[in-house]
Amino acid sequence: MAGLDPNAEWLEPDGLGGFASGTVSGARTRRYHALLLTASAPPAGRVVQVNGFDAVVVTPQGEFAISSQRYAPDVMSPDGAGRLESFEYEPWPRWRFRVGEEWVIEQELFVPPGRSSVILAWKIVAGEGAATLRVRPFFSGRDFHSLQHENEAFRFTPTRRHEAWIWHPYDGVPAVSALANGEYHAEPTWYRNFLYREEEARGLDAIEDLAAPGVFEFSLSPKRAVLAFATGAEAFAEGETAESLYATAQAAEWRRRRRFATPLHRAADAYLVKRGAGLTIVAGYPWFGDWGRDTFISLRGLCLATGRWEEARQILLAWAGLISKGMLPNRFSDHGSDPEFNSVDASLWYVIAAGDYLHATGRSPEGTRKMRAAIEAILAGYDGGTRFGIRADEDGLLRAGEPGQQLTWMDARVDGHAIAPRVGKPVEVQALWLNALAIGAGFSERWRPVLEQGRRSFEERFWHEEGGYLHDVVDCNHEPGTVDSSFRPNQIFAVGGLPLVLLPAAKARLVVDAVEGRLLTPLGLRSLAPGEPGYIGHYGGGIGERDGAYHQGTVWPWLMGAFVEAWLRVRGHSAEAKKEAAERFIMPLLAHRERAGLGHISEVADGDPPHQPAGCPFQAWSLGELLRLDPLL
């Protein structure tokens with residue numbers, strides 16, 4: 001399998017917030033691994049409908065499993081992974097299983113965009129004679145964060161509509177339709193005690209029971225076996241067959257995926273999803289929704305660096321209509337409750353992203369007007385004061401925070417306790433604020449005096465002369481003159497990742513060199529330097545342990561974007577520097593795409609070697625910042 005880890009994960013998104021996902025081996029290790037996981041209110045309201053399947057190939061030599069499940073306490077059954085000869089995830093997941101001495105069976109799976117569905121197909125690629133394939137799907141019908149256990153409410157019996165079988169598993173849950181070119185036999189039963197090892201490792205409930213209504217039986221010779229699942233009782237049209245659906249969808253998907261310039265561009269497409277009549281960006285798979293901060297950081301790489309101007313315009317205009325008191329939401333609930341405005345930097349990142357868009361293209365006068373109005377509303381709200389004590393101070397810098405609130409990206413809490421309390425004037429917030437003011441000053445001279453005052457104050461207030469780097473927070477807890485000098489990566493934004501460099505060349509070089517020496521790893525920057533009080537080198541364990549380590553040394557790949565840009569700036573973007581940056585900083589990230597979330601970049605990694613990837617395996621801003629670096633190199 002070209003050295004792929006059997007536990008590495010593949011992803012097939014539907015462009016609505018739903019997806020199919022699993023592992024190379026086929027054994028599901030997360031509650032989120034599923035064939036059909038639908039967003040009932042895109043991109044939220046996500047429900048797991050079809051979790052997986054068992055598959056057996058029957059030949060004259062006997063029966064051979066080509067699927068694997070893990071059951072508690074730790075039993076693999078059946079043994080299909082042992083027959084796996086190869087796996088490819090481009091252009092979509094394809095497995096090849098050796099069955100007996102002569103037979104090789106290929107299994108493929110893909111998700112067409114814009115439709116909550118999944119299409120599976122099997123064919124014989126080596127061996128002669130007829131074979132029979134039996135596929136037993138496993139159903140739930142639960143919130144994607146939850147687990148199902150055996151109960152009397154599940155409805156096993158399907159109805160028929162045209163060529164489809166339709167299940168209504170529970171009241172209030174979307175129906176599931178299946179289309180196949182085989183026969184269906186009802187064999188209702190419960191399969192109990194599936195074990196999800198990644199959930200177990202995260203200290204969460206890890207045991208689930210799944211409903212198995214029956215078995216689909218196919219002849220594999222000479223035709224291909226096709227099985228499709230989709231959300232809704234009317235998912236398949238009258239006259240639509242499994243073969244026609246496969247032929248049409250497969251050809252269309254092949255053409256669509258070939259249009260992307262590179263595999264990275266294709267991976268970027270996974271995060272762009274519908275919200276209402278517009279678009280947004282999912283922060284990561286399998287568990288994140290669309291977060292404000294993540295959306296605007298990611299957009300610069302996922303859309304602007306890839307030339308997806310129209311998608312960028314739609315996203316920026318959609319979010320522009322959500323401003324409240326100068327703030328944009330940081331998070332939408334999966335269940336449709338009111339958005340949360342608990343971030344100081346999400347709105348500022350919007351200004352940066354919108355500024356980049358407006359600088360790159362002026363194609364839409366209407367869009368330009370709305371974005372400029374949004375920028376003005378954000379700056380005015382922050383300048384005059386808004387929620388959580390956010391307001392411009394007399395020194396031109398931005399103060400923010402109240403006891404009990406975590407407003408920066410380092411927002412982890414354990415039992416209500418802030419792990420990295422940063423109330424006051426955090427360094428990256430000042431970099432964002434001053435860059436946002438510079439963008440606003442391009443439209444209105446109103447912001448230039450505040451910008452000039454803030455730039456004069458920044459170096460004076462943040463420079464740590466003895467250390468040769470920048471303080472992480474000044475005026476801690478709004479106490480004038482106090483500083484937090486913890487060595488963190490946030491200072492890199494004063495030199496890279498944003499349009500303005502806020503330090504003179506000599507000090508900028510000192511910051512970059514210090515960050516490189518103390519925080520750099522092959523997968524990104526540590527969130528706290530080893531040797532600092534509170535440093536934790538391993539991200540793992542239960543919720544409290546993970547949250548406690550989240551910003552206390554854990555590596556964040558998304559920070560590599562700002563670091564590499566800063567590293568090149570202080571070296572003058574020479575050809576030699578670009579070559580060195582590509583080899584030292586970019587190649588390890590590209591290699592990482594084969595380790596965890598295939599084709600993508602993980603959310604975090606351990607601070608200590610060997611820097612094991614962790615957290616969300618498919619993270620938007622990690623991939624986005626890698627893409628944003630491409631034009632610089």
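The values are calculated or read from the model by the stated rules, or taken from the named source; none is laboratory data. None of the values given here were measured: they were computed from a predicted structure. Counting neighbours? That spans all protein chains shown, and the Cβs are built from the backbone with ideal geometry, glycine included. The area values use the complete protein model at the heavy-atom level, side chains included, leaving out ligands, DNA and RNA. Shrake-Rupley method; radii C 1.70, N 1.55, O 1.52, S 1.80 Å.
Here are some notes:
- For the chain, the longest principal axis of the C-alpha atoms and the axis of helix 505-519 are separated by about 40°.
- Stretchable slack from V414 to A153, in nm (0.36 nm times residue separation minus alpha-carbon distance): 90.3 nm
- Relative to the 2.2 N^0.38 Å rule of thumb, the stretch 81-153 has a C-alpha radius of gyration ratio of 1.44.
- Here each label is just a point 7 Å from Cα along the line to Cβ, and for R259 and E465 those points are 6.0 nm apart.
- For the stretch 212-229, 3J(HN,Hα) computed residue by residue from phi via the Karplus equation (6.51, -1.76, 1.60; θ = phi - 60°) reads 10, x, x, 10, 9, 10, 10, 8, 8, 9, x, 8, 7, 8, 10, 9, 10, 10 Hz, glycine and proline entered as x.
- Gain upon complete extension [V483, E234; 0.36 nm per residue less C-alpha separation]: 83.5 nm
- When peptides 114-123, 556-565 are ranked by their average number of other Cβ atoms within 10 Å per residue, the highest-first order is 556-565, 114-123.
- For the stretch 218-373: rounded, prolate or oblate by the Cα gyration tensor [a/c cutoff 1.5]: prolate
- Per residue, the accessible area of the stretch 241-295 comes to 40 Å² when a 1.4 Å probe rolls over the protein heavy atoms.
- For the stretch 561-633, the spread of Cα coordinates along the three principal axes comes to 35, 24, 18 Å, biggest extent given first.
- Here is the result for the stretch 484-532: no trypsin sites (Lys or Arg not before Pro) lie in DSSP coil with at most 14 other C-beta atoms within 10 angstrom of their C-beta.
- Relative compactness, the stretch 429-517, computed as alpha-carbon Rg over 2.2 N^0.38 Å: 1.10
- With every protein chain in place, the chain: carbon and sulfur % of accessible area (1.4 Å): 49
- Judged by the gyration tensor of its Cα atoms, with axes a ≥ b ≥ c, the stretch 328-463 is oblate; a/c meets the 1.5 cut and b/c is at least as large as a/b.
- When peptides 368-377, 205-214 are sorted by average Cβ neighbour count within 10 Å, with the highest value leading, the order is 205-214, 368-377.
- Descending by average beta-carbon neighbour count within 10 Å, the peptides 135-144, 461-470, 530-539 line up as 135-144, 461-470, 530-539, the highest first.
- Whole-Hz ³J(HN,Hα) from phi, Karplus 6.51 cos²θ - 1.76 cosθ + 1.60, for the stretch 459-475, glycine and proline x: 4, 4, 7, 9, 6, 9, 4, 5, x, x, 8, 9, 4, 7, 9, 10, 6
- Largest-first principal axis extents, alpha carbons of the stretch 109-195, Å: 45, 33, 27
- Structure note, pairs K274/K370; K507/K579; K274/K579; K425/K579; K370/K507; K425/K507: Cα-Cα distances above 27 angstrom occur for K274/K579; K425/K579; K370/K507.
- In whole angstrom, the stretch 177-296 maps to an equivalent ellipsoid with semi-axes of 31, 26, 15, each derived as √(5λ) from the alpha carbon gyration tensor and ordered largest first.
- In the stretch 1-84, Rg over Rh equals 1.05, where Rg is the alpha-carbon radius of gyration and Rh the Kirkwood radius from pairwise Cα distances.
- Phi-based couplings in Hz for the stretch 418-430 (Karplus 6.51, -1.76, 1.60; Gly and Pro marked x): 6, 6, 10, x, 9, 5, x, 10, x, 5, 6, 5, 5
- Mean-position separation - Cα centroids, the stretch 341-420 and the stretch 16-57, in angstrom: 35
- Rounded to 10°, Cα long-axis angle of helix 346-360 versus longest principal axis of the chain: 90
- Accessible area per residue in Å² at 1.4 Å probe, computed on the stretch 41-143: 35
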